[in-house]
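The structure appears below as structure tokens.
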Amino acid sequence: MSKIFELFGYRLDAWGPDAASNCMEARCPFMDAECDGGGNRYLSAINLRLRSDLQKFFPTKTTVQAGVCSLRLRENEQPWIVCPRRLLSLKDGVSRHQTSVHDHLIRYSGLSKGTRVRVWSEVKMKLATQTEDDETKSFDYTFDYVLAGSERRLLSDVAVLMQKSVRAVKKLAAENGFTVASRNGEEWIENFPSDPITIVEVMTSSTSGGNKENRTQIAMAFEDAVTKGLDHQGPTINYRQVWARMVSQLIVKSQVGLAWGGKTMWVLQDVLADYISSTTSLDLSRYLATKLDEVNILAFGYGQKATSAAATDDIASLEEAKLYAGPISKSPSDGGFIEIVKIGAAPPKDALWKSLFKKKSSGSLTV
């Protein structure tokens, strides 16, 4: 039976005073800020004015996000992370609970020690692009994080790039924290974005819609976990949606990073990496690496921390890491990461007949 494993960062089976105090503030220890629902669960916010039984747990709040970090589908199995903040958050610095993830990310990115890069989150780009054959294509993607360096650039040149007046660009620079300085009678932006570029995509598992009667919807499971502890039921993992989301972006965003002279790194959990290997033609074990390539997956896991008995209510850091890296495609016989879009093995036709026989026909056609 699925249960919430971590609530606001703390193991529910090791709930103690620190966890309870943190819960009262609805605080995400990985962002060091109030939980935002993981950036993709806004509809799971709880209106506490309608739930008197929950109000005492959040005395200073009127609404609270369903702060579910991970789910354990069965006892003694590895939990599945369902919130991207739990895996990695690069907003406003790095949490001490994610130091290991951050260190691995920087080490594999190839950035020289002491290099200062800035971080932009949720960078949306929607524009028309031109192919080599002058064919117009649409590019509409959002990057979780973009890491970039800085360089000094003439304000007038930036105005040309932005297709705005110098005055408008100067105002925009001030609004977004860029430094404008005067040198030898000319104005410069001192810290305009520049190489090196690293795109970081964080992919975590999605939950199923759940069942309202059984109270397995994510918001209901959260409410029951807060009021009853382990006496609750959680939703399951929507495996197919996870796979579809990743397949649709993995190759494209990796190609974009290469086209910009940088790299794209996908950060995900080891159980999700194992699921990809077991359901597609891509066997990630063939791509264990020590340096980046065209496509890069950095997988982290709880290790024994999740399966051992919880003695304290401390927060578990993800320290076990593996890098999978390789080309987008090689020869047809050698494969490449393009294999993620291929089926691992087609089911036998008899399996289709069995599925059809177990389901009533929806009608018939005359052709």
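Each reported figure results from applying straightforward, stated rules to the coordinates on display, with no laboratory input. Note that this is a predicted model, so its numbers are computed, not measured. Cβ: placed from backbone, ideal geometry, glycine included. Neighbour counts: every protein chain shown.
Could you order the peptides 125-136, 274-285 from most to least packed, using the average number of other C-beta atoms within 10 Å per residue? Please list the in-between numbers first.
On the way: 125-136: 8.1, 274-285: 16.9.
Going from most to least packed, we get 274-285, 125-136.
What whole number of Å gives the distance from the Cα centroid of segment 251-313 to the Cα centroid of segment 101-149?
Segment 101-149 and segment 251-313 have Cα centres spaced 18 Å from each other.
How do 85, 167 rank when sorted from fewest to most other Cβ atoms within 10 Å of their own Cβ?
Details: 85 25, 167 10.
Exposure proxy ranking, most exposed first: 167, 85.
Seen from all sides and averaged, what is the projected area of the convex hull of the Cα atoms in the chain, in nm²?
Values: hull surface 107.0 nm².
With every direction weighted equally, the projected area is 26.8 nm².
My understanding is that a pair violates if its Cα-Cα distance is over 25 Å; which of 253/291; 61/91; 91/263; 170/253; 3/212 do that in this structure? Don't jump to the answer; show the numbers that get you there.
On the way: 253/291 18 Å; 61/91 23 Å; 91/263 20 Å; 170/253 31 Å; 3/212 15 Å.
In this structure, 170/253 lie more than 25 Å apart at Cα.
Would you list 91, 113, 354 from fewest to most Cβ contacts within 10 Å?
113, 354, 91
Starting with the fewest neighbours, write out 171, 263, 360, 56 ranked by other beta-carbon atoms found within 10 Å of each beta-carbon. Don't jump to the answer; show the numbers that get you there.
Values: 171 13, 263 23, 360 5, 56 10.
Ascending Cβ contact count within 10 Å gives the list 360, 56, 171, 263.
Counting other Cβ atoms within 10 Å, keep those with at most 14, restrict to DSSP loop, and tell me which GluC sites (Glu not before Pro) in segment 152-217 are left. Display every interim value, and only then the final one.
On the way: sites: 175, 186, 187, 190, 201, 213; in loops: 213.
Listed in order of number, the matching sites are 213.
Given a cut-off of under 8 Å on Cα pairs at least six residues apart, what relative contact order in percent is computed for the chain?
Numbers: 667 pairs, mean separation 62.9, N = 367.
Relative CO of the chain lands at 17 percent.
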